[in-house]
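S.K.: Got a structure for you, questions after.
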Amino acid sequence: FLKSFFKDRLKSKKVLEIGCGTGFWCNEMAPYASKIVGVDYEMEYINAAKNIQNKHANVEFFHSDITRSDFGSGFSGERFDYIFMIDIFLFLFDEKFQSSLYQKRIEICKKIRKLLNPGGVLLVMDPHLFWLTPRFGSSGRPYGLVSEYKKRKFGVIPPLSDISTVFYESGFAIQKIIEPD
């Protein structure tokens, strides 16, 4: 889905990926977009991303924490046509393990909205239970094993009403929700 989305929609667009990790998706987007900015709060990931990324001149990586007031200082004033949050959005609803994100989830979404150009799009892709699975593989190609998507055993997946309320209170309009079967 993402590779065809990038090809069809990112031509000459400015893109921000929040929670870019080691930069895998930024590098996948780079052939299509005019500019890619990746941010992550883990300096180790940003260092890895900078070491891996040397083939795309239109990609930049910044160490930044979205819960802090100085978030985005490296690219302040910039606005983006697309902002991607891939495999991290549900952390905003994890009160037990990510309380700082949970407590500031509306403030965080308001910051994200201010980074969008008029008509810009925030694309959230979270695989629900996948982020709770044990991780295997390498940092560049992690994978997890999930069984029985329909028989949820964990109680941390927020209902759509909670997610839509956060978007509404942050000034977003939801265009589409796709949930895999």
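The values are calculated or read from the model by the stated rules, or taken from the named source; none is laboratory data. As the structure is a prediction and not an experimental result, all values here were calculated from the model. Glycine gets a Cβ as well: all are built from the backbone with ideal geometry, and neighbour counts include every protein chain shown. For the accessible areas, the whole protein counts, side chains as well, though only heavy atoms, and no ligand, DNA or RNA atoms are used. Shrake-Rupley method; radii C 1.70, N 1.55, O 1.52, S 1.80 Å.
S.K.: With a 1.4 Å probe and all protein chains left in place, how much of the accessible area of the range 1-129 comes from carbon and sulfur atoms, in whole percent?
M.R.: Carbon and sulfur: 47 percent of the exposed surface of the range 1-129.
S.K.: Continuing with this model, one more query. Considering only DSSP states other than H, G, I, E and B, which GluC sites (Glu not before Pro) in the range 1-64 qualify as loop sites with at most 15 other Cβ atoms within 10 Å?
M.R.: Those that pass, being in a loop and sparsely packed, are Glu42.
S.K.: Starting at the first residue of the range 75-89, write each ³J(HN,Hα) from the Karplus equation 6.51 cos²θ - 1.76 cosθ + 1.60 with θ = phi - 60°, in whole Hz, x for Gly and Pro.
M.R.: 10, 4, x, 7, 10, 10, 7, 9, 10, 10, 10, 10, 6, 9, 4
S.K.: If you don't mind, there's one more thing I want to ask. Loop only by DSSP, 16 or fewer other Cβ within 10 Å of the Cβ. Give me the chymotrypsin sites (Phe, Trp or Tyr not before Pro) in the range 10-81 that pass, ordered by residue number.
M.R.: Listed in order of number, the matching sites are Tyr41.
S.K.: Now for a different question. With +1 on each Lys and Arg Cβ and -1 on each Asp and Glu Cβ, and nothing else charged, work out how big the dipole of the range 2-67 is about its Cα centre, in Debye to the nearest 20.
M.R.: The dipole magnitude comes to about 520 debye.
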